[in-house]
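J.: Got a structure for you, written out below as structure tokens; questions coming shortly.
What follows is calculated from the coordinates using simple rules that are stated; it is not laboratory data. Note that the coordinates shown come from a computational prediction; the quantities given were computed from them, not determined experimentally. As a convention, Cβ positions derive from the backbone with ideal geometry for all residues, glycine included, and neighbour counts pool all protein chains shown.
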Amino acid sequence: MAERRPGAPPGAAGGRKATRQAKPLEQRLPSVLSFLEGTRVVVETRSDIVIKGTLESCDERMNLFLTDAESEHLPTGRRERLSQCCVKDRLIRFVVLPAAFDPVKHLLEVQEHHKRNQEVASRRRRLMTRKQLKIREREQDKGSRASSSHPK
């Protein structure tokens with residue numbers, strides 16, 4: 001039996017890391033933030049800088065692109081106006097959402113939208129397989145007619 005590494009969580013034997021399963025796309029924070037595009041947000045970075053600006057976009061890694069922003073370095077109080085700004089995902093400590101925004105409601109909407117898209121895709125696949133079956137049947141009928149019309 002393999003021994004557990006010191007400091008490793010129970011069940012992590014043999015020096016291998018336990019693999020994390022990625023969350024579905026519709027359950028990730030960037031999908032929630034995409035609903036806030038065009039609204040004012042407050043982002044605090046790990047280097048104690050607070051940035052207030054309009055969220056232009058958010059990519060799948062949660063890099064935030066802000067316009068008409070103002071940054072403030074908390075320890076020194078130094079302020080700066082920025083016409084455009086990109087906050088890298090690894091630098092974000094937290095994002096303050098607007099009070100009227102309900103992230104749970106939006107997550108449910110995203111999940112419902114994703115579920116509908118999957119159902120539509122499934123129906124399309126079934127339709128394609130039906131069409132393919134009909135095409136095969138026609139080809140087989142043509143092949144059997146051709147072979148029966150030629151005497152041996």
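J.: Give me the Kirkwood hydrodynamic radius of segment 42-143 in Å, from all C-alpha pairs, to one decimal place?
T.: Values: mean 1/r = 0.0565 Å⁻¹.
Over segment 42-143, the inverse of the mean reciprocal pair distance is 17.7 Å.
J.: How would you order 130-142, 70-82, 35-47 from highest to lowest mean count of nearby Cβ atoms within 10 Å? All intermediate terms of the calculation are to be shown ahead of the outcome.
T.: On the way: 130-142: 10.0, 70-82: 11.7, 35-47: 15.3.
Sorting 130-142, 70-82, 35-47 by mean packing, highest first, produces 35-47, 70-82, 130-142.
J.: For LYS105, which aspartates and glutamates qualify as cross-link partners when the Cα separation must be under 17 Å and same-chain residues fewer than eight apart are set aside?
T.: Reachable aspartates and glutamates: GLU26, GLU37.
J.: So, one more: What base-10 log of the normalised intensity I(q)/I(0) is obtained for segment 87-145 from the Debye formula, alpha carbons as equal point scatterers, at q = 0.19, 0.29 Å⁻¹?
T.: Listed by q, the Debye log ratios stand at -0.85, -1.05.
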